[in-house]
1. Report the calculated FRET efficiency for S374 and S250 (r = Cβ-Cβ distance, R0 = 56 Å), to the nearest 0.05.
2. Need one number: nm distance between label points at I353 and A427, each 7 Å from Cα along Cα→Cβ, rounded to one decimal.
3. Please work out the FRET efficiency for the pair S102 and A496, using the Cβ-Cβ distance as r and a Förster radius of 41 Å; give the result to the nearest 0.05.
4. For R18 and V177 in one chain, what is 0.36 nm times their gap in residues minus the Cα-Cα distance, to one decimal in nm?
5. Percent of accessible area on the chain owned by carbon and sulfur, 1.4 Å probe?
6. Using +1 at the Cβ of each Lys and Arg and -1 at the Cβ of each Asp and Glu in the stretch 6-58, identify which of A8, V44, G20 lies farthest towards the dipole's positive end.
7. Return the distance in nm (one decimal) between the two label points of a simple spin-label model at W444 and V313, each offset 7 Å from Cα along Cα→Cβ.
8. Would you mind checking K281/K436; K391/K436; K11/K72; K72/K560 for any pair whose Cα atoms are more than 28 angstrom apart?
Amino acid sequence: MFTGIVQAQVKVRDLTKRDGFLRLTLDAGSSNLQQLQRGASIAVNGTCLTATEFDIDAGWVSFDVIDETLIKTNLGTLQPGSKVNFERSLKFGDEIGGHIVSGHVSATAEILTIKRSDDNCAMQLSFPAELASYIQPKGFIAIDGASLTVGAVEGHSFWLHLIPETLAITTLGHKQVGDRLNLEPATAQPVSVGSMPAAAWQQVAASPIGAPTSSKVLSPALSVYLDVLRLFAALLVFAHHAAYERFDGSWISPLAGYGHDAVVIFFVLSGFVIAFVQQTKERTAMSYGISRVSRLVSVAWPAVLATILLDSVGRLMLPELYEPAQPLHAALHSSLLFTNEFWVGGMHVGSNIPLWSLSFEAAYYLLFAVFMFSRHRWLWCSLAALVIGPKILLLLPAWLAGVWVYRYAATDRSRPLNMLMAFGGAAFVLLMVVGKVGNLYINWRVAHWLGPQMHEFFGHSTAFVTDYIIALGFAVHLVGMAGLLRQMQVRQTVQAMISRLSGATFPLYVFHYPALYCFTALSVGLLEQKVGVLIGILALGFSWLMTAPCEKLRSYLRRKLLALFLPEQKNARQ
């Protein structure tokens with residue numbers, strides 16, 4: 001047993017992979033190894049390990065870490081030179097300065113937010129749903145082996161408030177957003193009805209029976225895979241538009257023709273993510289609404305403003321490049337309110353046609369919230385559907401396929417079945433998207449059945465039959481991949497890199513099209529010719545540069561909305 005009082009930060013000296021385990025060697029210093037015996041227990045980042053070899057004079061100690069420990073803790077992300085928290089086991093008569101810590105890590109927690117000041121550091125961490133009963137405000141918890149006190153609990157995340165002494169003695173002062181920390185709650189904490197806040201019992205009561213646990217659904221490897229898919233889909237949309245003749249897109253024409261299919265993939269991924277965050281983080285209507293609004297507004301509204309500015313420059317340089325613009329007043333209002341595809345024909349500000357799908361997304365967020373949080377869900381869903389209109393509702397099954405993935409991915413399946421679903425689903429989607437097997441005929445028959453007027457009315461939803469088929473195949477693929485990737489580990493550096501790249505997905509989607517127009521006009525005006533590769537690179541670069549400002553705006557909006565609608569949570573953070 002341990003006390004959670006970290007004795008030192010020590011460096012990883014060497015990592016040697018053996019058959020079924022990892023030999024971990026630390027430069028602990030001779031003073032920290034005095035009277036050490038073979039088989040002694042030492043907490044490394046809060047994980048109880050057994051000393052197998054050591055040299056007290058040289059100051060090093062080695063441990064054999066089995067694969068199961070590497071999977072369940074952050075020890076699998078260590079590299080030579082990494083710093084870890086170090087604590088020798090408790091002896092009879094020692095002072096217990098923290099609380100009793102077993103060294104049996106329950107899970108890893110991802111750092112969501114860090115707020116630093118001169119004399120304090122507030123850190124928000126996520127935790128798996130199955131640990132909700134053990135993580136309460138003012139309760140003990142060991143984070144990377146350090147005994148700490150839980151601050152405010154928000155859904156399936158909690159806050160820590162770290163004093164300078166803790167930051168100096170432990171490795172917590174070096175951590176960044178996205179890092180994963182070992183978590184061991186004090187399981188002996190009281191969880192009786194009288195000790196739990198009413199809100200916590202409301203969350204338990206609201207949880208659907210048999211709801212999947214987050215750790216079984218969204219493993220670290222699956223999270224990375226989904227980020228890669230999101231980025232790839234956004235690049236396909238970009239390639240589809242960049243290949244247009246008006247942008248001199250012959251250089252990227254082999255990737256043209258998959259833009260709409262990529263949007264269907266986005267819808268499935270969106271349904272999965274929204275179902276996941278609602279079950280693990282956003283358990284109340286207000287927290288859900290604040291997160292969704294801040295997410296959409298922080299990217300869509302700057303994109304609308306950027307479109308107006310880019311189009312103004314482009315029209316001055318090459319007005320014949322642009323199609324006649326829709327009335328700005330009506331297009332602006334509908335785009336800012338995400339109603340541009342409700343019932344009426346599609347509205348969009350200037351050249352930014354991709355804004356159409358945000359209206360679909362906002363509608364699906366609304367319908368999901370009404371269904372999950374309202375008392376008379378079917379009544380309110382029906383009213384919401386009447387406001388939204390049939391055009392958006394027609395593609396709702398594609399979005400709901402992602403919700404189905406979340407619900408079904410946690411079930412246990414054999415590896416052969418997972419492989420069949422993963423590779424069979426992928427092959428089916430590729431045949432439909434790349435091979436166009438049956439697509440043209442099906443869409444032609446649907447168009448003939450709808451007639452010209454209805455076909456024009458439904459706009460982006462006219463291919464709904466093939467969209468359903470693609471969404472179903474992709475959903476089956478994701479379920480299979482969830483099973484295959486459940487136990488796979490991914491290096492933290494890889495996770496951070498992919499997460500950073502995928503963070504540009506949303507800005508890339510909504511900024512690239514007006515940027516393509518503007519840079520094409522500038523290319524003709526300044527170079528007297530269209531240079532397609534340069535136009536594409538500049539549009540990509542501009543979209544990437546918008547990522548950081550949009551993320552800062554999202555954080556700002558979320559703080560302000562929390563302060564306005566959930567002041568108790570805002571106060572708890574400060």
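The values are calculated or read from the model by the stated rules, or taken from the named source; none is laboratory data. Just so it is clear, the structure is predicted and the values come from calculations on it, not from any experiment. With ideal geometry, Cβ positions are generated from the backbone for all residues, glycine too; neighbour counts draw on all protein chains shown. The area values use the complete protein model at the heavy-atom level, side chains included, leaving out ligands, DNA and RNA. Shrake-Rupley method; radii C 1.70, N 1.55, O 1.52, S 1.80 Å.
1. After rounding, the FRET efficiency stands at 0.60.
2. 3.5
3. 0.85
4. My answer for the length gained is 54.1 nm.
5. 63
6. Positive-end residue among those listed: G20.
7. Modelled inter-label distance: 4.4 nm.
8. From the list (K281/K436; K391/K436; K11/K72; K72/K560), the Cα-Cα distance tops 28 Å for K281/K436; K72/K560.
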